[in-house]
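Chemist: Quick one: structure below, then a few questions.
Where a number appears in this text, it was derived from the coordinates with a stated rule and is not lab data. Just so it is clear, the structure is predicted and the values come from calculations on it, not from any experiment. When we count neighbours, we look across all protein chains shown, and the Cβ atoms used for this are built from the backbone with ideal geometry, even at glycine.
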Amino acid sequence: MDMVEHQIAARGIRDPRVLEAMRRVPRHAFVPPDVQNLAYEDHPLPIGHGQTISQPYIVALMTELAEVGPGSRVLEIGTGSGYQAAVLAEIGAEVYSIEIIPELGERAREVLRRLGYDRVQVRIGDGSVGWPEEAPFDAIIVTAAPVHIPEPLREQLKVGGRLVIPVGSIMQELRVVVREADGWRERAVIPVRFVPMTGRARESAE
């Protein structure tokens with residue numbers, strides 16, 4: 001409750017569904033035991049394999065920017081700990097989440113199952129190619145930064161759908177891409193710092 005009031009609502013997050021989801025999801029359940037005492041502080045935490053769980057404010061901001069509601073079909077690229085997927089599921093979204101590191105994906109799947117988040121499907125694979133057989137999506141949230149937005153993710157949005165993604169290498173910015181009938185509209189939101197996207201996205205940038 002303190003995290004939501006002082007780190008999220010106080011910084012401008014207004015969507016009541018997002019705020020309630022952030023109150024309900026037990027963040028400590030998604031981090032390793034040695035950092036559970038830091039779970040509700042507003043900064044990223046290591047989860048192993050060179051990856052992190054994003055700070056609570058960024059999770060809330062990306063969720064709000066995605067404009068997710070009950071019944072929304074959401075693709076998440078980068079399951080990581082499973083925390084972002086749980087927040088989306090708490091709102092009532094159907095979540096399709098992809099993780100490229102098998103150990104993280106399997107651990108997140110187990111945590112989500114144990115906590116009862118049966119609206120989340122976790123796949124082990126390269127998120128830069130999306131999940132074409134379940135497309136199109138109302139929203140896509142990406143939790144790792146490519147240098148350039150992978151084209152499959154744009155293509156797997158519904159018309160009116162929103163892609164929330166950090167883009168860049170050393171300097172990154174959080175962007176929102178909205179698919180329109182005749183193309184895509186894009187805007188930058190804030191500077192951010194995410195782990196790099198791997199897989200084909202990394203190969204195409206090199």
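Chemist: Quick check: net charge around LEU174, other residues with Cβ under 11 Å of its Cβ, Lys/Arg +1 and Asp/Glu -1? Please report the intermediate quantities before stating the final value.
Modeler: Details: positive: ARG175, ARG187, ARG193; negative: GLU173.
Summing Lys and Arg as +1 and Asp and Glu as -1 gives +2.
Chemist: How high is the relative contact order of the chain, given as a whole-number percent (alpha carbon pairs under 8 Å, six or more residues apart)?
Modeler: Numbers: 441 pairs, mean separation 31.9, N = 206.
It rounds to 15 percent for the chain.
Chemist: How many angstrom separate the Cα center of segment 127-206 from the Cα center of segment 1-63?
Modeler: A separation of 22 Å, based on Cα centres.
Chemist: Further, regarding this structure: What is the Cα radius of gyration of segment 52-149 over 2.2 N^0.38 Å, N being its residue count?
Modeler: Ratio of Cα Rg to 2.2 N^0.38 Å: 0.96.
Chemist: Compute the distance in nm between two label points, each set 7 Å from the Cα along the Cα-to-Cβ direction, one at GLU180 and one at ARG123.
Modeler: 3.0
Chemist: In nm², what is the average projected area of the convex hull enclosing the Cα atoms of segment 130-206?
Modeler: 4.9
Chemist: Can I ask one more? Plugging the Kirkwood radius over Cα pairs into Stokes-Einstein for the chain, at a temperature of 4 °C and a viscosity of 1.567 mPa s, what D comes out in µm²/s?
Modeler: 78
Chemist: What does the charge count around GLY92 come to, taking other residues whose C-beta lies under 14 Å from its C-beta (Lys +1, Arg +1, Asp -1, Glu -1)?
Modeler: Here the charged neighbours net out to -3.
Chemist: Right, here's the next one. Considering just Cα atoms, how many Å³ per residue does the convex hull of segment 99-159 enclose? Write down the numbers at each step before the final one.
Modeler: Numbers: hull volume 5.6 nm³, N = 61.
Hull volume normalised by residue count: 91 Å³.
Chemist: At q = 0.15, 0.22, 0.25, 0.33 Å⁻¹, what is the log10 ratio I(q)/I(0) for segment 156-201, with the Debye formula run over Cα points and no solvent?
Modeler: -0.44, -0.80, -0.90, -1.09
Chemist: Now a separate question. With viscosity set to 1.306 mPa s at 10 °C, what whole-number translational diffusion coefficient in µm²/s follows for segment 1-118 from Stokes-Einstein and a Kirkwood radius over Cα pairs?
Modeler: 112
Chemist: Just how large is the dipole of the chain about the Cα centre, in debye to the nearest 20, putting +1 at every Lys and Arg Cβ and -1 at every Asp and Glu Cβ?
Modeler: 220
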